[in-house]
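Structure first, commentary second.
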Amino acid sequence: MADIFATLGTWNWLIFGFILMALELLAPGVFLFWLGLSSLMVGLVSFAINPSWQAQLLMFAAFAAASVPAWRHFAKSAGSSSQSNPFLNRRTEAMIGREFTLEKPIVGGTGTVRIDDTIWRVAGPDVPAGSRVKVVQADGASLTVAVA
């Protein structure tokens with residue numbers, strides 16, 4: 001086993017890194033990418049200096065361990081841009097507080113309102129068509145309104 005480690009060289013690390021990155025393409029999860037990048041970094045450092053196999057393994061472990069916080073920092077900064085739209089995938093909650101004109105009157109507690117290109121079912125007190133209503137609650141695909 002020590003003979004296998006003793007033969008570790010620059011090209012072994014580079015090939016191993018490319019194999020890990022290729023496997024990442026087949027089974028995405030962003031885990032093998034960082035190990036592959038760590039392996040490539042060991043290979044590049046091995047070009048500049050000729051470390052022992054023990055030092056190469058320690059470098060690989062250090063680079064792999066350092067890549068986890070680096071990835072978290074990168075993911076956190078990339079994730080903050082997705083917070084620019086807090087109602088993404090919660091479209092009905094974005095309607096609360098907005099005012100609209102009834103398309104069909106609310107009779108028996110239900111009616112409809114047109115919001116952009118969609119007709120929404122609304123619930124509330126009986127009101128004639130054309131009245132202004134304000135959304136006070138959102139429940140699934142139904143909006144609860146009050147007279148504005």
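The values are calculated or read from the model by the stated rules, or taken from the named source; none is laboratory data. Only a predicted model underlies this, so the values are computations on that prediction, with no experimental measurement involved. Cβ atoms come from the backbone with ideal geometry, glycine included; neighbour counts cover every protein chain shown.
Worth a mention:
- Any hit, the stretch 141-148, residues being among the hydrophobic types (A, V, I, L, M, F, W, C), under 30 Å from PHE16 (Cβ atoms) and either within 36 Å of the chain's Cα centre (by Cα) or surrounded by 15 or more Cβ atoms within 10 Å (Cβ to Cβ) (or both): no
- Scanning the stretch 13-31 for residues that are surrounded by fewer than 19 Cβ atoms within 10 Å (Cβ to Cβ) and within 18 Å of VAL68 (Cβ to Cβ) yields MET21, GLU24, PRO28, GLY29, VAL30, PHE31.
- Taking the criterion of being at pLDDT 90 or above and touching an Asp or Glu at 6+ places or on another chain (Cβ under 7 Å), the only residue of the stretch 11-39 that qualifies is GLY36.
- Of everything listed in (1) at pLDDT 90 or above; (2) surrounded by 15 or more Cβ atoms within 10 Å (Cβ to Cβ), the single unmet condition for MET95 is (1).
- Screening the candidates SER77, SER46 for the property of being closer than 30 Å to THR7 by Cα and not hydrophobic (A, V, I, L, M, F, W, C) yields one hit, SER46.
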